[in-house]
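Trainee: Pasting in a structure now, in structure tokens, and then I'll have a few things to ask.
Each reported figure results from applying straightforward, stated rules to the coordinates on display, with no laboratory input. Since we're looking at a predicted model, the values are computed, not measured. Please note: Cβ atoms are built from the backbone with ideal geometry, for glycine as well, and neighbour counts cover all protein chains shown.
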Amino acid sequence: MGQETVIDEKGRIVISKNVRNSLGLKNGMRVKMYIESNRLIIEKSVSPDEFRVKMRGFIKKGSEIPLSDPLELKHIWK
């Protein structure tokens, strides 16, 4: 699905409606952007609630849970 778009004077790009619909992107949703192998990658961000739902059941009762640095966790969520 190769589509071209234009970067405006404020550095914004428009993601076409059919691409937004295919990815389930809605107005006001947060996305993550990063560069990988000289490509711009845009992904939907996962909310804390979505993360909890997806991770439910991965840690069993009685499992040893490693200590985490709260500042590192905060950095991951940004």
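Trainee: Find the relative contact order for the chain and round it to a whole percent, using C-alpha pairs within less than 8 Å whose residues are 6+ positions apart.
Mentor: About 13 percent, as a whole number.
Trainee: Quick check on my link table: of Lys32/Lys74; Lys17/Lys44; Lys32/Lys54; Lys32/Lys60, which ones sit more than 26 Å apart, alpha carbon to alpha carbon?
Mentor: Lys32/Lys60, as the Cα separations exceed 26 Å there.
Trainee: Only loop residues by DSSP count here, and only those with at most 16 other Cβ atoms within 10 Å; note down the chymotrypsin sites (Phe, Trp or Tyr not before Pro) in segment 11-68 that meet that.
Mentor: For chymotrypsin sites (Phe, Trp or Tyr not before Pro) across segment 11-68 that sit outside H, G, I, E and B with at most 16 neighbouring Cβ atoms in 10 Å, the list reads Phe58.
Trainee: Pop a pseudo-label 7 angstrom from the Cα along the beta-carbon direction at both Leu25 and Met55 and give the gap in nm to one decimal.
Mentor: Spacing of the two 7 Å Cα→Cβ label points: 2.6 nm.
Trainee: Using the Cα centre as the reference, give the magnitude of the dipole from point charges on the C-beta atoms of the chain (Lys, Arg: +1; Asp, Glu: -1; all else neutral), rounded to the nearest 20 debye.
Mentor: Using Cβ point charges on Lys, Arg, Asp and Glu, the chain gives about 360 debye.
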